[in-house]
Every structure is written in structure tokens, then in C-alpha cells.
Amino acid sequence: MTSLLIYIAVISTVAILMMNKPSPKAPAPTLAVQPIEPEQIEVDDTGYSLSALAPMTVTIYHAVPSQTDNTPTITASGFDVAGLDIEELRICALSRDLLKRWGGDIDYGDTIYIDLPDDDLRGWWTVEDTMAKRWTNHIDLLVPVSRKGGKWNSINAFTVAP
């Protein structure tokens, strides 16, 4: 019964948030999500569905050459973060196994919810970048260089799609 109540709370909250889906330039809303099984759930009358991904490893990265390539402010999707507030953008990179370009289900521009224990980082992120080939089942969050350290294992993440 508790699981059913959690599902209903998640579905209702996502339905409300999807009416005003965040863009990379808008502050991302937050949502407290309880762990659920990786299966697709229909979200009431909105036509959107919530899909839980397998538990992920989540880390942070900075837009600097030592952590990216020789164009650190330009993401794999072509989005240029130069001069923008990286903290507000909430952009992330995914490992290739998760991206459509390499056979996954998620595309650049898609929004995902990451249920981190860190209140500042929990919430909606827009996929705009790709991680190096060596990583699988991994999300990397673009954060300001002032933020140091960050690695979390077995983190729940969700995609929302029409």
C-alpha cells in the first residue's frame, strides 16, 4: 500500500511540473521522488509518462579543458555555456549507453530528474553533453568550478516523455 501511495505522489507531482517543463535557461523545479522499480508509469491525464532508469552513478564536472575537450564551454549537443550561469542551467552529460545516438533512449535536450541526497543538486537536469567512452550507466552534472567533489552511487533517475 505504501508503494502505491508513493507512485501516486510521484505521478501527481510530475504531472503538475510537466505543465511548465523547465528549459536550460529556466531554474529547475525540485521534486522529492521515492525509489521505484525501473518500469514505465503513465502519468494520469497529461499524456506524459515517467520512466525510472536503472540506478546510476552520478558525478560532477567543470567546463575546463582538463575535464572535457579543447572546447570546454561547448557541449556535445552544440550548446555554448560561455558567459552563462552554469548553476542555473542545470546541464548534464550522460554515458553513451544511455544516449539515442549510441542506442540508448535519451536524446540531447531531454529533461531528467535526478534524486540526489544533496538538496542543491537534486531535481531536473537537461541532457546536453556526452561522457567519455569508458563510462557506462553514469550521469555527470556540469557545475561551477567553485563546487568541489561529488560522487554518488545507486542514484535513482527518471525521464519524462510525452
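Under the condition of being outside any strand (DSSP E or B) and within 20 Å of TRP152 (Cβ to Cβ), the residues counted in region 97-138 number 16. Take the residues in region 94-114 that are of a type in the set (Gly, Ala, Ser) and within 12 Å of GLU128 (Cα to Cα), then tell me which one is surrounded by the fewest Cβ atoms within 10 Å (Cβ to Cβ). Checking each candidate, the answer is GLY109.
May I ask you to list pairs of residues, at least six apart or on different chains, whose Cβ atoms are under 9 Å apart, with the first in region 53-66 being more than 19 Å from GLY83 (Cα to Cα) and the second being charged (D, E, K, R) and part of a strand (DSSP E or B)? Short answer, once both residue conditions are applied: THR57/LYS151; VAL58/ASP140; VAL58/LYS151; THR59/ASP140; THR59/LYS151; ILE60/ASP140; ILE60/LYS151. Just so you know, in region 139-159 the residues that are charged (D, E, K, R) and either touching a Pro at 6+ places or on another chain (Cβ under 6 Å) or not in a loop (DSSP other than H, G, I, E, B) (or both) include one that is nearest to GLU88 (Cα to Cα), and it is ASP140. Candidates in region 117-132 are the residues that are over 18 Å from ALA63 (Cα atoms) and out of contact with any strand residue (DSSP E or B) (no Cβ under 6 Å at 6 or more places or on another chain); of these, the one that is surrounded by the most Cβ atoms within 10 Å (Cβ to Cβ) is GLY123.
Condition check: polar (S, T, N, Q), modelled with pLDDT of 95 or more and either part of a strand (DSSP E or B) or buried (at least 19 other Cβ atoms within 10 Å of the Cβ) (or both). Does THR68 satisfy that?
Working: polar (S, T, N, Q): yes; modelled with pLDDT of 95 or more: no; either part of a strand (DSSP E or B) or buried (at least 19 other Cβ atoms within 10 Å of the Cβ) (or both): yes.
The answer is no for THR68.
Residues in region 101-153 that are basic (Lys, Arg) and under 20 Å from THR73 (Cα atoms) were compared, and the one that is modelled with the lowest pLDDT is LYS148.
The values are calculated or read from the model by the stated rules, or taken from the named source; none is laboratory data. All figures in this text were calculated on a predicted structure; none of them were measured in a lab. Virtual Cβ from ideal backbone geometry, glycine too; neighbours counted across all protein chains shown.
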